[in-house]
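Student: Let me begin by handing over the structure; questions about it come next.
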Amino acid sequence: MKTVTALCALLLGNAAMASSLVLYTNDFEDIIGDRFTADTGHEIEVIQMSGGNLLARIAAEANNPRWDVLLFDGVGSLYSMDQQGMFMRNLAPENEQYLTEQGRSLVPESRAWMPAGTTASCVLVYRTDLVSEPPATFADLTSSAFKGVIGQADPAVAAPAYPCVASLHYDMGMDAARQLYSGILDNDLRVFRTNGPTRRALSAGEISVAMLSSPNAYSMIQSGEPVEVVWPEAGAPSSSRGVAVQASTDKTDAAQAFVNWMLSPATQQFLTENGGADGLFLSPVEGVNPLSYGPPAEAVYRVAPAAWAAEHEAAIKSWFADQAVN
Amino acid sequence: MLEVSRLSRHYGSATALNGLDFRLETGRVMAVLGPSGCGKSTLLKLISGLEDPDAGEVRINGQLITSPSYSLPPEKRPINMVFQDYALWPHMKVRKIVGYGLANMNRQARQCRVDDLLALMQLTPYADRLPSELSGGQQQRVAIARALATDPEVLLFDEPLSNLDVQLRMTMRFELADLFQRLNKTVLYVTHDPLEACALADELLILRNGHLEQTGTTQSLFANPATTWVAGLAGYDSQLPARLHAPLDSNYWQVQVGDQRLVSRVGNPMNPEPGKAVQLMLHSDAIRLCTQGENERTDTNYMNGTVKQCLFEGHQWRLRLDLGGAELAMLSEQAQQPGAKLQVAFSHQALLAFD
Amino acid sequence: MMVRRFRRMRALKPDTLVGIAISLLLLILVAAPMGLVLAQAFFPGILQGDLAFSGISQLQELFQRRLWRVSLMNSLYLSSYTAIFGTLIGASLAIIRHQYPIKGATALDLCAWAMLIMPSFIIAQGWILFSIRDGIAAQWLGMPWVYDWVFSPQGLVAIMSFKNYPFAYLAVSAAMQWHVKEYQHAARLCGAGPMRTLLTVRLPLLLPAILSGMVLVFIDTLGDFGLPAALATTYRFPTLPYTIFTAMNQSPIRFDLAGVLSVYLMVILMAAVALYLWLLKRSRFDFLTAKAEAGFRSGRRVNKALSFVALAFVAIALGIPMGTSLMVSFIDQMNTGFTPGNLTLVHYQSVLQSGSLLREALGNSLQIALMAATASLLVSFLAAYLLTFSQFYLNGLINVICTMTLAVPGVILGVGFIFFWNHPLLFNLGLSLYGHPFILVLAGMAGAIPIAIRVLLGAMGQIPQSFMAAAALQGVSLPRRLVTILLPLTLAAFLSAGLASFGSSVFDLAVTSILHPPGYAVLPVVIDRMFLQGYYGLSTASTLVAATVTLGLIQATQLAVRNLFKQLFQVHSAEPPVNSLNIEVRHA
């Protein structure tokens, strides 16, 4: 009995987390914490979850949020959380002055989050050794040549996968996009949980073409795997990462310091250089040197408007989940 | 003093005990007698607190022990019990079993008390044995020693001898009778064996289908059973259908059995009138064979019958006699051939007539 | 009636006090969360404290969304076929094991217990690593067709049959352990050959055991979360438990639909449990007489063909998934092969180094499991005591709660716990445990109690009522009676129940996936995550390390207790009957 009491005490102690800032993120979990503390002096606890889990956790905690700051890839979800009053609005970090034009275009009207980087959520990647006639557009994926060998991450689970599906729907119109996806799905599209396993399946040759996020795509090339990237000429469906502050946080100072820190060119350069594959992103601030093996400088990123992506999120995801059932 | 009033217990629609009333004075031994399912075990469970009654109450020395709205937990009642299966905990040694209920004594006092009890029950040599290392009789005595240890006001026995073989049962009967005499405890002793009941108890309580059939001191009850059923229990094992013929006095009537006329005691309660159909009950021990040319006595009934069956019972024979329409069981010192014609005799007093 | 009960409560018998405490605990731990799951389907606003009745329209949504329909059909397909084939395998092996002299009988028994104890996500991971395109079968054994065989509905039925056959095997074995030779002798004397005797006498007598084994296989497969969770990256085969999980764990979050799907799952499971209990009641060994004897040993020569079948089965069912995990944990590159140059200890070094995630997760999970097992053992012991030895008037309720929840999958338990412990009412009381590690202890208890009670009930049922009555009449308090009489006499069952609870909560993937607080590492989630991210070497090494540590602890405890109370185990302790252990339904 004594042991149990002691253990209970231990557990309760464990859980009563120190009063440090709590960050929910789906990227950069290994490098953010120490650097932020070193730069600003604020303690931070970094909790990493895949995009879907992260949103679920935030929804489940709606009565009693356990997080203070959020770093999340997908403006649609950010928008709907803002609409539910979860974010502190009117952020005005000092470092906003460094934003590029592209970065400024991503700041929402409510100023509830600040842009923290953009990546292509899906580009076409194919195995040069397995594919003789590479696809040029997403429409090519309906060709019977690719039956059963196309893969993609699940938009309901992977943070960048929904923006991919959403911007395709936005650009093409709902009906045309559904038709395209039906065609790809009928071609036995393999849906993996996240981009990681999709990439692994491509490496292993389980699939020979993948709709993969740009960081995954370019780091595959970098590691010498026999793949090529096709960046659609009209621009790749893209997703933007945002940093937001929880509406009722009691650590306002530290939280705002975090937002400001994210926008500093030094931080952006640090994340670019040390984030591994996560570092392959288009920075929203001036003066950041991208990784040499990343997407070409002239690559076009197409981000669906946050409001539109939020409005159609449930419908698109449900439709996709229902269609993707074998 | 143990007082039980209007005690009832139902299981679903079945009635295990129905409005039972009795009282037992301090120091008296009462045997509860009846066949299995008569409510004996339920009575013990209600008194000991293993179950609660639906109606009625139990008091010990005037203190309320249980009623439908109040139930003292078993461990708080001044009661102890010897179980049918002895319930000796298999993982404890005899000494520990006997001393189990004495936790509130200091070590020395407890040891003393346990030693006394072991000596009383002649168990001293077995103090460090496990129950599995004891004989049936020894186990029985351990169970009794444990029940005595807490010095209960009322001691309950639940068919304690039923698990023993015949010889041991006889020995234990003597031992228990002796023990009851010495202890001067209030004892409620449940059994289905009438002989055991007579041997051990001062008073009898006879239960049937959950209600009280008859109660009284042992001898009066055996002499005057109130119903054919109690008579059967008391060893009246032959039953003859008959009709009342004419009264001789307030206790005796002439009765007609087939074509033979006998004289019978009239059991109570009953409203005798000539021509009324009755059942005659007769104890096999009371019947003897007539010798040839025996003088007929006025206080004796005589009957003629044919031997139907003859069973050897070790030192005597049990006969089934056909009386022409009725049958009679009796004991004989000699073997008899089936078909042999016999005359038997029994006193007027041995024959009891019931409704 | 109420007045009477109330007055009796005032008398405050110890049994009553314990009974009320246990009933309250079970209500909070099990009944209330389950009730909320069910209520959610009809009162979608209940989580926000809104009690508007929505009718049954929510239930109909199942038929509108293809994913849910398919999940239901997949679940029914998988569990029905697994019930059939798993039972076929289990019953045949049991008959072979007990009817014929074979080599490898012990291996069969061990294999059955191992498969029963091992969480399904670990078995599934082994099979997946064996079968994927760069896995053992394709890369090293030159059998690429294994991929298509395994990753098909039929292949999954095979995996689940290999995983869950022990329910049937152990049920039939238990029934075969006692038998009346005269029945067979009579049949032989009437001129029936061995085969006809088996088919006409033995099998009909075994039918209740076979059927109840089949229901258990069905229940466990239907509630299984580990297989679809492990498959998620490789092959889409959504089942109800997995779809429930995703409904709550992926944006857009639909707690309400998780509730609706849970209702469907629960209705099917309850029907199966009812059938099982009915079968159990009917098969009360009433064909056994006093002449029944244990075992069947004949001096005939070893049957070589059947021995081969038995050993081959063990090699496939246990050998493939576990052997694969073992090999993968020791190799560097999956696609290079099992060559000396490719052997490495780096995965073990990585997961064992100080400060590693596995160490943290294992430590946390062991703590949680220890607390959950201790607490659930205590509660189950008291509850089993009440059910066996007392007249407590809520016994019926306790029994119903425990029986109903016997088969509730961890996923539904998790949903219920979120609904309950994150409810605004509790939150306002300052009792919101969601997001706190302690909720894992409570969930572990809720999962373990129904099983532990079954095990303890089996053992206590063998103890005469008079043992406890005699102790009470000695004037001894209830706690002392329990410790000095009941505990020593049921120690073996007590130990098994506790260790089984411990083992299953260490590896409970479903509950921990749903309830673990962010940033709080727990073992099954960490292993599952390593696997899903493709770190196969790390995930297999972690699995083997964690399994070794857990089994080591279990074994050490067992030995220590058995040594300490040698005397109790030698002579008197009431061993749990094999049949009650069969009920152990796991959902990992």
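Student: Just to verify a number: FRET efficiency for B:H315 and C:N563, C-beta to C-beta distance, R0 = 60 Å, to 0.05?
Tutor: Computed FRET efficiency for B:H315 and C:N563 comes out at 0.55.
Student: Also: Just to be sure I follow: if Rg is taken over the C-alpha atoms of chain A and Rh is the Kirkwood radius over the same atoms, what is Rg/Rh?
Tutor: Rg/Rh for chain A comes to 0.99.
Student: Cβ neighbours within 10 Å, averaged per peptide: list B:178-191, A:239-252 in order, most packed at the top.
Tutor: The peptides rank, most packed first, as A:239-252, B:178-191.
Student: Here's a follow-up. Using only the Cα atoms of chain C, each taken as one equal point scatterer with no solvent, compute I(q) by the Debye sum, divide by I(0), and report log10 of the ratio at q = 0.05, 0.07 Å⁻¹.
Tutor: Ignoring solvent entirely, the Cα scatterers give -0.22, -0.44.
Student: If you average 1/r over all unlike Cα pairs in the range B:232-354 and invert the result, what Kirkwood radius do you get in angstrom?
Tutor: Its Kirkwood hydrodynamic radius stands at 14.8 Å.
Student: Another question about this same structure. Given H placed 1.01 Å from N in the peptide plane, which residues other than close sequence neighbours of A:A247 have an amide H under 5 Å from its amide H?
Tutor: Sorted by chain and number, the residues that satisfy this are A:F87, A:M88.
Student: So for the range C:319-434, considering every pair of alpha-carbon atoms, how many percent are separated by more than 17 Å?
Tutor: 77
Student: Among C:M248, B:L321, B:S69, flag the residue with its Cα farthest along the positive direction of the charge dipole of the protein assembly as shown, charges on Cβ as +1 for Lys/Arg and -1 for Asp/Glu.
Tutor: B:L321
Student: Another question about this same structure. Take each of the peptides A:146-152, A:220-226, A:272-278, average the number of other beta-carbon atoms within 10 Å over its residues, and list them starting from the highest.
Tutor: A:146-152, A:272-278, A:220-226
Student: Projected onto the charge dipole of the protein assembly as shown (+1 at Lys/Arg Cβ, -1 at Asp/Glu Cβ, origin at the Cα centre), which of A:A38, C:M195, A:P232 gives the Cα projection farthest towards the positive end?
Tutor: C:M195
Student: Here's another thing I want to ask about it. I'd like the trypsin sites (Lys or Arg not before Pro) in the range B:249-306 restricted to DSSP loop residues with at most 12 other Cβ atoms within 10 Å, sorted by number.
Tutor: B:R297
Student: Counting helices only, and only those DSSP H runs with n ≥ 4, report the 222 nm mean residue ellipticity of chain C as the sum of -39,500 (n - 2.57) divided by its residues, in deg cm²/dmol to the nearest 500.
Tutor: Computed mean residue ellipticity for chain C: -21500 deg cm²/dmol.
Student: Show the residues, 5+ positions off or on another chain, whose built amide H is closer than 5 Å to the amide H of B:L328.
Tutor: Under 5 Å from the amide H of B:L328: B:L321, B:L323.
Student: Something else about it: Where both partners of a DSSP beta bridge lie in the protein assembly as shown, what percent of those bridges are antiparallel, to the nearest 5?
Tutor: In the protein assembly as shown, approximately 70 percent of DSSP beta bridges are antiparallel ones.
Student: For the pair A:E286 and A:S143, what calculated FRET efficiency results from E = 1/(1 + (r/R0)^6), where r is the Cβ-Cβ distance and R0 = 56 Å, to the nearest 0.05?
Tutor: In this case the efficiency is close to 0.85.
Student: Then there's this: Grab the Cα-Cα distance for B:M170 and B:R182, subtract it from 0.36 nm times how many residues apart they are, and report the gain in nm with one decimal.
Tutor: 2.4 nm
Student: Using a Gaussian network model of chain A whose springs link C-alpha atoms within less than 10 Å, name the residue from A:A177, A:A217, A:A315 with the highest mean-square fluctuation.
Tutor: A:A315
Student: Going 7 Å from the Cα of B:D237 toward and past its Cβ, which residues in the range B:259-302 have a backbone nitrogen under 18 Å from where you end up?
Tutor: Correct set: B:280-289.
Student: With label points built 7 Å along Cα→Cβ from the Cα atoms of A:D253 and C:M195, find their separation and express it in nm.
Tutor: It works out to 8.9 nm between the two label points.
Student: Let me ask something else about it. When Cβ neighbours within 10 Å are restricted to other protein chains, what is their mean count per residue of peptide C:63-69?
Tutor: Per-residue shielding by partner chains comes out at 4.
Student: Let me ask something else about it. Which FRET efficiency value, to the nearest 0.05, is calculated for C:R480 and A:W308 with the Förster distance at 60 angstrom and r the Cβ-Cβ distance?
Tutor: About 0.25, to the nearest 0.05.
Student: With labels modelled as points extended 7 Å from the Cα through the Cβ direction, what inter-label distance (nm, one decimal) is found for C:N399 paired with C:M73?
Tutor: Result for the modelled spin labels: 4.2 nm.
Student: Another question, if that's okay. Over all pairs of distinct alpha carbons, what does the Kirkwood formula give as the hydrodynamic radius of the range A:94-196, in Å?
Tutor: 15.8
Student: Once every DSSP H run of n ≥ 4 in chain B is given -39500 (n - 2.57) and the sum is divided by its residues, what mean residue ellipticity at 222 nm do you get, rounded to the nearest 500 deg cm²/dmol?
Tutor: -6500 deg cm²/dmol
Student: While we're on this one: For the range B:2-231, report the % of Cα-Cα distances exceeding 28 Å.
Tutor: The calculated P(r) of the range B:2-231 puts 31 percent of pairs beyond 28 Å.
Student: Among DSSP beta bridges lying fully in the range A:123-270, give the percent that are antiparallel, nearest 5.
Tutor: 55
Student: May I pose another question? Ranked highest first by average number of other Cβ atoms within 10 Å, how do C:22-33, B:5-16 line up?
Tutor: The peptides rank, most packed first, as C:22-33, B:5-16.
Student: Still on this structure: Gaussian network model of chain B, Cα springs within a sub-10 Å range: biggest mean-square fluctuation belongs to which of B:H211, B:H315, B:H245?
Tutor: B:H315
Student: What relative contact order, as a whole-number percentage, does chain B give when Cα pairs under 8 Å and 6 or more residues apart are counted?
Tutor: It comes to 15 percent, rounded to a whole number.
Student: Okay, next question. Hey, got the average number of other protein chain Cβ atoms within 10 angstrom for residues in C:409-415?
Tutor: So the per-residue partner count for this stretch is 0.
Student: A further question on this structure: Please list, in order along the range C:151-163, the HN-Hα scalar couplings obtained from phi with the Karplus expression 6.51 cos²θ - 1.76 cosθ + 1.60 (θ = phi - 60°), rounded to whole Hz, x for Gly and Pro.
Tutor: Going residue by residue, I get 8, 8, x, 5, x, 5, 4, 4, 4, 5, 5, 5, 7 Hz, with x marking Gly and Pro.
Student: Along the charge dipole of the range B:2-231, which of B:G137, B:S13, B:P225 sits closest to the positive end, that is, farthest toward it, with unit charges on the beta carbon of Lys, Arg, Asp and Glu (+1, +1, -1, -1)?
Tutor: B:G137
Student: Let me know the mean shielding of C:517-524 by other chains, meaning the per-residue number of their Cβ atoms within 10 Å of its Cβ.
Tutor: 4
Student: Where does chain A land at 222 nm, in deg cm²/dmol rounded to the nearest 500, when only DSSP H runs of n ≥ 4 count, each adding -39500 (n - 2.57), divided by all residues?
Tutor: Computed ellipticity for chain A at 222 nm equals -12000 deg cm²/dmol.
Student: For the protein assembly as shown, what mean projected area does the convex hull of the alpha carbons give, in nm²?
Tutor: For the protein assembly as shown, averaging the hull's shadow over all directions gives 62.6 nm².
Student: Select from B:L248, B:L46, B:L33 the residue whose mean-square fluctuation is largest in a Gaussian network model of chain B (Cα-Cα springs shorter than 10 Å).
Tutor: Result: B:L248 has the largest fluctuation of those listed.
Values quoted throughout were computed directly from the atomic coordinates according to the rules given, and no laboratory measurement underlies them. Keep in mind that what you see is a predicted model, and the values were worked out from it rather than measured. Please note: Cβ atoms are built from the backbone with ideal geometry, for glycine as well, and neighbour counts cover all protein chains shown.
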